[in-house]
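S.K.: Below are the structure tokens for one structure; questions will follow.
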Amino acid sequence: MKNIIDVELKTRKVDFSQCKTDLLAVGLFSDAKVPDKLNREMDSKLDGAIGQLLKLGDFKGKEGTNAIVYGNDKIGARRVLLVGLGKKKKATLDTVRKAASNAAKKSVEMKVETISLALHRAFGGRFDLSAMGRAAAEGTYLGSYRYDEFVTESENGRLDCLKVEIIDSDSAKTRKLSKGLSSGLAIGKAQSYARTLANRPANVINPAKLAAAAKELARGLKRLGCTVFDEKELAAKGMGGVLAVGSGSQNKPRFIVLKYNPASRAASRQPTVALVGKAITFDSGGISIKPAEKMNEMKLDKTGGITVLATMKAVAELGLPVNVYGIIPSAENLPSGTSYRPGDIITTFSGKTVEVQNTDAEGRMILCDALSYAVRQNCGIIIDIATLTGSCRVALGKYMAGLMGNDERLIKQLQRAAKDSGEKVWPMPSGDEYAEEMKSKIADLKNTGSKWGGACTAAAFLRQFVGDAKWAHLDIAGTEMFDRGTEFAVAGSSGFGVRLLTTYLMNLAGKKT
Ligand code: BES
Ligand code: MN
Ligand code: ZN
């Protein structure tokens, strides 16, 4: 198995036209009347080659496009990559992130080893430089990422490592850029780690393997601890939900608990935050089996749990002053003679009983035990993340995650984090009407509601296991994967949620970049 492509990141103080590099990436807005100073300067050194390109209309600055101009020894760079930034008015920090991923993706395609980014230049003073450094760093991970560890025969091979430098001629500016670069690096690396784990199929990753990965991660990081409960411990604890879902598979369930203990004393003023993630390593639906078409995509049903694992990695690497639990219930949902069945009544960790109506509504069955566990650890804030319902995908499509919760402030903070991170969320209800649908006649709850509003009834089910904690729920069925490659990323796991949750915790800790 080969390694996933690596990224090296640094800043450098250098004059743009002198900068010796394989590729220099600069940004251009689609509605800029005159090219900015940098591009004018470059254009004149290149005898008007950029101007020609624009005049002929071969490049219009649309977001998601790019064009190459060759340096011909007239400037330090071998190639100049013009990256489209779209309309100037619409630009956000995500424009910087996407421009960097566009440049990085193109560079990996062309096997260009060293690239220099001057993308921030086009934005003038519009955004904080360290925030732009962070966004650019995150973008290079996003765009350079490939999942090819099992590809043994590739025609032209690919780079082992993309070397990226963010350049500016002013050392005060490179200092600011580099401040954001180090957090962008931690977040970008964590997101790529999440994408690789999520992309691995169910014959490679099962609950025990995921638990081993969590242990290994914790071993390598100071202040991060990891405890794993196996099926015997789950039985001793009475985690009936996790056990029921895992009962059909030879690959037994695991309950993974990560704890990050910050060095800073300031952390004790904050409530402990629990991140809870659904990790179904494969969801066949169980006895209520799914149709064959696209069932393979259900290897990604562990994404929420992996997002939590990767976020813990980023949090520990950034050394954030917040107490954080990462709680990951993991099982494989398969049909067999030992599976749980429709009609079964399960006693969950909370003591509440659940009538199973559909074994394919398994996410909530494992999450309810994990939420109760977070409550017992006295976590004042609980955020769960899960590929929970097809109905959320129907409602919101592939661009935003559903956001439910019981606390306005927490919801606002997550919306803020979504804006900052470029991982979008949309608020949805989960109140009493929906909870009413989840009542059973022969148990406390049932695991499905009516035909309508499935994302909301699922959230209303979860809500009943969080006690008095402030709680938010992210339904990422839809955002967990890119179903086709774009200019910004290849198809497969998106690693959605790593940037969002890390940003939420950074904001909570008062760490801007
Ligand atoms: N993992 C699925 C949800 C899902 C569907 C994620 C499509 C990504 C893409 C979940 O376990 C599931 O099967 N949910 C059921 C619930 C239903 C039986 C109440 C669903 O959404 O159909
Ligand atoms: Mn399911
Ligand atoms: Zn599922």
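The values are calculated or read from the model by the stated rules, or taken from the named source; none is laboratory data. This structure is a prediction, so every number in the text was calculated from the model and none was measured. FYI the Cβ positions are ideal-geometry reconstructions off the backbone, even for glycines, and counts take in every protein chain you see.
S.K.: Quick test of your reading of the structure: GLY305 fulfils all but one of (1) of a type outside the set (Asp, Glu); (2) surrounded by fewer than 24 Cβ atoms within 10 Å (Cβ to Cβ); (3) within 16 Å of ligand 2 (Cβ to nearest atom). Name the failing condition by number.
M.R.: Status for GLY305: all satisfied but (2).
S.K.: On to the next question. How many of the residues making up segment 380-392 are within 16 Å of ligand 3 (Cβ to nearest atom) and part of a strand (DSSP E or B)? Give the derivation first.
M.R.: The initial filter retains those residues of segment 380-392 that are within 16 Å of ligand 3 (Cβ to nearest atom), namely 384-392.
Then drop every residue that is not part of a strand (DSSP E or B), which leaves 384-386.
Residues meeting the conditions: 3.
S.K.: Hey, does segment 322-329 have a residue that's within 16 Å of ligand 1 (Cβ to nearest atom) and outside any helix (DSSP H, G or I)? Walk me through it before giving the result.
M.R.: Step one: list which residues in segment 322-329 are within 16 Å of ligand 1 (Cβ to nearest atom), which gives 328-329.
Filter once more, so that each one left must be outside any helix (DSSP H, G or I): 328-329.
Yes, there is a match, as at least one residue in segment 322-329 is within 16 Å of ligand 1 (Cβ to nearest atom) and outside any helix (DSSP H, G or I).
S.K.: Please work out if ASN323 is touching a Cys at 6+ places or on another chain (Cβ under 9 Å) and closer than 28 Å to VAL273 by Cα.
M.R.: The answer is yes for ASN323.
S.K.: Out of the residues in segment 359-370 meeting the condition of being more than 12 Å from ligand 1 (Cβ to nearest atom) and touching a helix residue (DSSP H, G or I) at 6+ places or on another chain (Cβ under 6 Å), tell me which one is nearest to GLN464 (Cα to Cα).
M.R.: Going through segment 359-370, the residues more than 12 Å from ligand 1 (Cβ to nearest atom) turn out to be 368-370.
Cutting the leftovers down to touching a helix residue (DSSP H, G or I) at 6+ places or on another chain (Cβ under 6 Å) gives us 368-369.
Working: CYS368: 8, ASP369: 11 Å.
The residue in question is CYS368.
S.K.: Suppose we filter THR389, THR307, THR303 for residues that are within 10 Å of ligand 1 (Cβ to nearest atom), more than 16 Å from ASN447 (Cβ to Cβ) and out of contact with any Pro (no Cβ under 6 Å at 6 or more places or on another chain); which single one remains?
M.R.: On the way: THR389 fails: more than 16 Å from ASN447 (Cβ to Cβ); THR307 fails: within 10 Å of ligand 1 (Cβ to nearest atom).
One residue alone meets the criteria, THR303.
S.K.: While we're on this one: Can you pull out the residues in segment 262-283 that are surrounded by fewer than 24 Cβ atoms within 10 Å (Cβ to Cβ) and either outside the structural domain of ALA374 (by TED's automatic domain parsing) or within 16 Å of ligand 1 (Cβ to nearest atom) (or both)?
M.R.: PHE282
S.K.: Something else: State all residues of segment 337-357 that are within 16 Å of ligand 1 (Cβ to nearest atom) and in contact (Cβ under 8 Å) with a residue 60 or more places away in the chain; if no residue qualifies, say none. Give the steps one after another, and end with the answer.
M.R.: Applying the first criterion (within 16 Å of ligand 1 (Cβ to nearest atom)) to segment 337-357 yields 339-344, 346, 354-357.
Residues satisfying the conditions are SER339, TYR340, ASP344, ILE346, VAL354, GLU355, VAL356, GLN357.
S.K.: In the set LYS439, LYS446, LYS451, which member is at pLDDT 95 or above, among the charged types (D, E, K, R) and crowded, with 20+ Cβ neighbours inside 10 Å?
M.R.: Details: LYS439 fails: crowded, with 20+ Cβ neighbours inside 10 Å; LYS451 fails: crowded, with 20+ Cβ neighbours inside 10 Å.
Answer to the selection: LYS446.
S.K.: Another question, if that's okay. Take the residues of segment 284-301 that are closer than 15 Å to THR387 by Cα and of a type in the set (A, V, I, L, M): which is surrounded by the most Cβ atoms within 10 Å (Cβ to Cβ)?
M.R.: So, considering only residues that are closer than 15 Å to THR387 by Cα and of a type in the set (A, V, I, L, M), the one surrounded by the most Cβ atoms within 10 Å (Cβ to Cβ) is LEU300.
S.K.: Let me ask something additional. Looking at the structure I just gave you, is LYS55 among the basic types (Lys, Arg), without any contact (Cβ under 8 Å) to a residue 12 or more places away in the chain and in the same structural domain as LEU119 (by TED's automatic domain parsing)? Before the answer, list the steps.
M.R.: Working: among the basic types (Lys, Arg): yes; without any contact (Cβ under 8 Å) to a residue 12 or more places away in the chain: yes; in the same structural domain as LEU119 (by TED's automatic domain parsing): yes.
It is true that LYS55 is among the basic types (Lys, Arg), without any contact (Cβ under 8 Å) to a residue 12 or more places away in the chain and in the same structural domain as LEU119 (by TED's automatic domain parsing).
S.K.: Taking segment 272-293 as the search range and keeping residues that are hydrophobic (A, V, I, L, M, F, W, C) and within 23 Å of LEU500 (Cβ to Cβ), which one is farthest from ligand 3 (Cβ to nearest atom)?
M.R.: In the first step, residues of segment 272-293 are kept if they are hydrophobic (A, V, I, L, M, F, W, C); the result is 273-276, 279-280, 282, 287, 289, 292.
Next, from what is left, pick out any that are within 23 Å of LEU500 (Cβ to Cβ): 273-276, 279-280.
Numbers: VAL273: 24, ALA274: 21, LEU275: 18, VAL276: 15, ALA279: 10, ILE280: 5 Å.
Only one residue fits best here, namely VAL273.
S.K.: Yes or no: segment 326-337 includes at least one residue that is under 17 Å from SER247 (Cα atoms), away from ligand 2 (no atom under 15 Å from the Cβ) and acidic (Asp, Glu). It would help to see each step written out before you state the result.
M.R.: Step one: filter segment 326-337 for residues under 17 Å from SER247 (Cα atoms), giving 329-337.
Pick out the ones that are also away from ligand 2 (no atom under 15 Å from the Cβ) and you get 336-337.
Among the residues that remain, those that are also acidic (Asp, Glu) are: none.
No, because not a single residue in segment 326-337 is under 17 Å from SER247 (Cα atoms), away from ligand 2 (no atom under 15 Å from the Cβ) and acidic (Asp, Glu).
S.K.: I would also like to ask the following. So which of VAL308, VAL354 is assigned by TED's automatic domain parsing to the domain that holds LEU243, part of a strand (DSSP E or B) and not hydroxyl-bearing (Ser, Thr, Tyr)? Reasoning before the result, please.
M.R.: Working: VAL308 fails: part of a strand (DSSP E or B).
After applying the criteria, what remains is VAL354.
S.K.: Hey, among the residues in segment 219-238 that are touching a residue at least 60 places away in the same chain (Cβ under 8 Å) and surrounded by 13 or more Cβ atoms within 10 Å (Cβ to Cβ), which one's farthest from TYR373 (Cα to Cα)? Walk me through how you get there before you give the answer.
M.R.: Keep residues of segment 219-238 that are touching a residue at least 60 places away in the same chain (Cβ under 8 Å), which gives 221-224, 237-238.
Still in the running and surrounded by 13 or more Cβ atoms within 10 Å (Cβ to Cβ): 221, 223-224, 237-238.
Working: LEU221: 24, ARG223: 21, LEU224: 19, LYS237: 10, GLY238: 11 Å.
Among them, the one singled out is LEU221.
S.K.: Cβ-Cβ below 7 Å, separation at least six or inter-chain, first residue in segment 358-376 and among the aliphatic types (A, V, I, L, M), second part of a helix (DSSP H, G or I) and near ligand 3 (Cβ under 10 Å from one of its atoms): which pairs?
M.R.: The qualifying pairs are MET365/VAL245; ILE366/VAL245.
S.K.: Based on this model, can you work out whether ALA472 counts as within 30 Å of LYS179 (Cβ to Cβ), more than 16 Å from ligand 2 (Cβ to nearest atom) and part of a strand (DSSP E or B)? Full working, then the answer.
M.R.: Numbers: within 30 Å of LYS179 (Cβ to Cβ): yes; more than 16 Å from ligand 2 (Cβ to nearest atom): yes; part of a strand (DSSP E or B): yes.
Yes, satisfied.
S.K.: Is at least one residue of segment 191-209 in a loop (DSSP other than H, G, I, E, B) and among the small types (Gly, Ala, Ser)? Steps first, please.
M.R.: Narrowing segment 191-209 to residues in a loop (DSSP other than H, G, I, E, B): 200-206.
Imposing the further condition that a residue be among the small types (Gly, Ala, Ser) reduces the set to 202.
Yes, that holds for at least one residue.
S.K.: Scan segment 357-379 for residues that are more than 14 Å from ligand 3 (Cβ to nearest atom) and in a loop (DSSP other than H, G, I, E, B) and report the count.
M.R.: Summing the residues that are more than 14 Å from ligand 3 (Cβ to nearest atom) and in a loop (DSSP other than H, G, I, E, B) in segment 357-379 gives 4.
S.K.: Which one of these is over 30 Å from ARG134 (Cβ atoms), within 16 Å of ligand 2 (Cβ to nearest atom) and more than 22 Å from the chain's Cα centre (by Cα): GLY467, GLY390, GLY449?
M.R.: Working: GLY467 fails: within 16 Å of ligand 2 (Cβ to nearest atom); GLY390 fails: more than 22 Å from the chain's Cα centre (by Cα).
Every option except GLY449 fails the conditions.
S.K.: Right, another one. Can you tell me which residue is nearest to ASP148 (Cα to Cα) among those in segment 200-216 that are surrounded by 20 or more Cβ atoms within 10 Å (Cβ to Cβ) and in contact with a Leu (Cβ under 8 Å, 6 or more places away or on another chain)? Talk me through it step by step, then tell me what you get.
M.R.: From segment 200-216, those surrounded by 20 or more Cβ atoms within 10 Å (Cβ to Cβ) are 200, 202, 205-207, 210-211, 214; that's our starting set.
Next, from what is left, pick out any that are in contact with a Leu (Cβ under 8 Å, 6 or more places away or on another chain): 205, 210, 214.
Working: ILE205: 16, LEU210: 20, ALA214: 22 Å.
Restricting to residues being surrounded by 20 or more Cβ atoms within 10 Å (Cβ to Cβ) and in contact with a Leu (Cβ under 8 Å, 6 or more places away or on another chain), the top hit is ILE205.
S.K.: Looking at (1) closer than 28 Å to THR348 by Cβ; (2) in the same structural domain as GLU317 (by TED's automatic domain parsing), which one does ARG219 not meet, given that it meets all the others?
M.R.: It is condition (1) that ARG219 fails.
S.K.: Shifting gears a bit: For segment 32-91, name all the residues that are in a helix (DSSP H, G or I) and either small (Gly, Ala, Ser) or touching a Ser or Thr at 6+ places or on another chain (Cβ under 6 Å) (or both).
M.R.: Residues satisfying the conditions are SER44, LYS45, ALA49, GLY51.
S.K.: Still on this structure, please answer the following. Is segment 255-271 home to any residue that is out of contact with any strand residue (DSSP E or B) (no Cβ under 8 Å at 6 or more places or on another chain), within 13 Å of ligand 3 (Cβ to nearest atom), outside any helix (DSSP H, G or I) and more than 20 Å from PHE349 (Cβ to Cβ)?
M.R.: Taking every residue of segment 255-271 in turn, none turns out to be out of contact with any strand residue (DSSP E or B) (no Cβ under 8 Å at 6 or more places or on another chain), within 13 Å of ligand 3 (Cβ to nearest atom), outside any helix (DSSP H, G or I) and more than 20 Å from PHE349 (Cβ to Cβ).
S.K.: Got a number for residues in segment 378-398 being surrounded by fewer than 24 Cβ atoms within 10 Å (Cβ to Cβ) and either in contact with a Ser or Thr (Cβ under 7 Å, 6 or more places away or on another chain) or among the basic types (Lys, Arg) (or both)?
M.R.: Residues meeting the conditions: 4.
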